[in-house]
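Coordinate-derived values only; no laboratory data. Predicted, not measured: the structure shown is a model, and the values here were computed from it. Positions of Cβ are backbone-derived with ideal geometry, glycine not excepted, and every protein chain shown enters the neighbour counts.
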Amino acid sequence: MALSKTSILGIIFFLAFVIQFLFKLNWEWLFQLQQQEMYKRWTGLLLAVFVLFQWLLSLVRTVKTLKKFAVNMQEIHKWLGAISPLLFYMHSIGLGYGYLLLLSYMFLANTVLGYFNLDVIKKSGEIYFKGWMIAHVALSLIITILMVFHITMVFYYK
């Protein structure tokens with residue numbers, strides 16, 4: 001199994017997030033920023049746009065006139081996926097509680113699943129391909145639903 005550059009970068013960011021979380025290596029200045037309402041909203045918007053942008057790959061793959069962009073879009077999708085733990089960290093040092101903990105776990109799990117994509121694993125079996133794709137898309141769908149729920153709760157209760 002040969003890891004791609006995007007997978008290596010992503011794993012580094014993911015492990016950095018896990019290490020800082022486990023050993024409570026928080027940057028006080030970032031924590032203070034994350035307590036500010038406007039910062040939370042802008043970084044939340046960035047994360048929401050990121051999640052929605054990642055769905056473009058599905059659109060490009062399924063719309064006949066856009067299929068010519070699929071290879072380029074897949075590369076963009078992978079590079080953005082690689083930096084996703086960094087985007088998550090900018091928004092929140094922690095994982096949250098309740099549904100936010102679930103959202104965090106699913107976001108990070110789907111990110112790691114993405115690092116071990118079909119190009120990395122080099123499996124050609126149809127069952128593996130379908131299983132990996134179903135898991136990745138299903139997690140992405142749940143993440144999107146939880147994200148919309150989170151945004152609704154944030155603005156409804158403020």
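Observations on the structure shown:
- Residues that are charged (D, E, K, R) and outside any helix (DSSP H, G or I) within region 117-140 comprise LYS122, LYS123, listed in sequence order.
For every residue, the table says whether it meets (1) of a type in the set (Gly, Ala, Ser); (2) closer than 24 Å to PHE149 by Cβ.
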| site | (1), (2) |
| --- | --- |
| VAL60 | no, no |
| TRP79 | no, no |
| ALA82 | yes, no |
| TYR97 | no, yes |
| VAL112 | no, yes |
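- Restricting ILE93, ILE143 to those that are in contact with a Leu (Cβ under 9 Å, 6 or more places away or on another chain), in a helix (DSSP H, G or I) and crowded, with 16+ Cβ neighbours inside 10 Å reduces the list to ILE143.
- Restricting ASN72, ASN117 to residues that are in contact (Cβ under 8 Å) with a residue 24 or more places away in the chain and farther than 25 Å from ILE151 by Cα narrows the list to ASN117.
- Residue selected from region 146-158 under the condition in contact (Cβ under 8 Å) with a residue 40 or more places away in the chain and within 15 Å of the chain's Cα centre (by Cα), by the criterion surrounded by the fewest Cβ atoms within 10 Å (Cβ to Cβ): LEU146
- When region 129-140 is filtered for residues that are surrounded by 12 or more Cβ atoms within 10 Å (Cβ to Cβ) and closer than 22 Å to LEU108 by Cβ, the ones remaining, listed by number, are GLY131, TRP132, MET133, ALA135, HIS136, VAL137, ALA138, LEU139, SER140.
- When LEU80, LEU87, LEU33 are screened for being within 20 Å of ILE121 (Cα to Cα), surrounded by 14 or more Cβ atoms within 10 Å (Cβ to Cβ) and among the aliphatic types (A, V, I, L, M), only LEU80 passes.
- Flag for LEU25 being surrounded by fewer than 13 Cβ atoms within 10 Å (Cβ to Cβ), farther than 21 Å from TYR157 by Cβ and within 13 Å of the chain's Cα centre (by Cα): no
- Flag for ASN26 being under 23 Å from HIS150 (Cβ atoms), among the polar types (S, T, N, Q) and not in a helix (DSSP H, G or I): yes
- Subset of region 96-114 that is touching a residue at least 40 places away in the same chain (Cβ under 8 Å) and of a type outside the set (S, T, N, Q) - its residue that is surrounded by the most Cβ atoms within 10 Å (Cβ to Cβ): GLY114
- Beta carbons closer than 8 Å, at least 6 apart along the sequence or on distinct chains, pair a first residue in region 14-37 that is free of Cβ contacts under 8 Å to residues at least 40 places away in the same chain and closer than 22 Å to TYR105 by Cα with a second that is part of a helix (DSSP H, G or I) and not aromatic (Phe, Trp, Tyr) for LEU25/ILE19.
- With respect to being surrounded by 12 or more Cβ atoms within 10 Å (Cβ to Cβ) and among the aliphatic types (A, V, I, L, M), VAL71 falls outside the description.
- Some residue of region 61-71 being of a type in the set (S, T, N, Q) and out of contact with any Ser or Thr (no Cβ under 8 Å at 6 or more places or on another chain): yes
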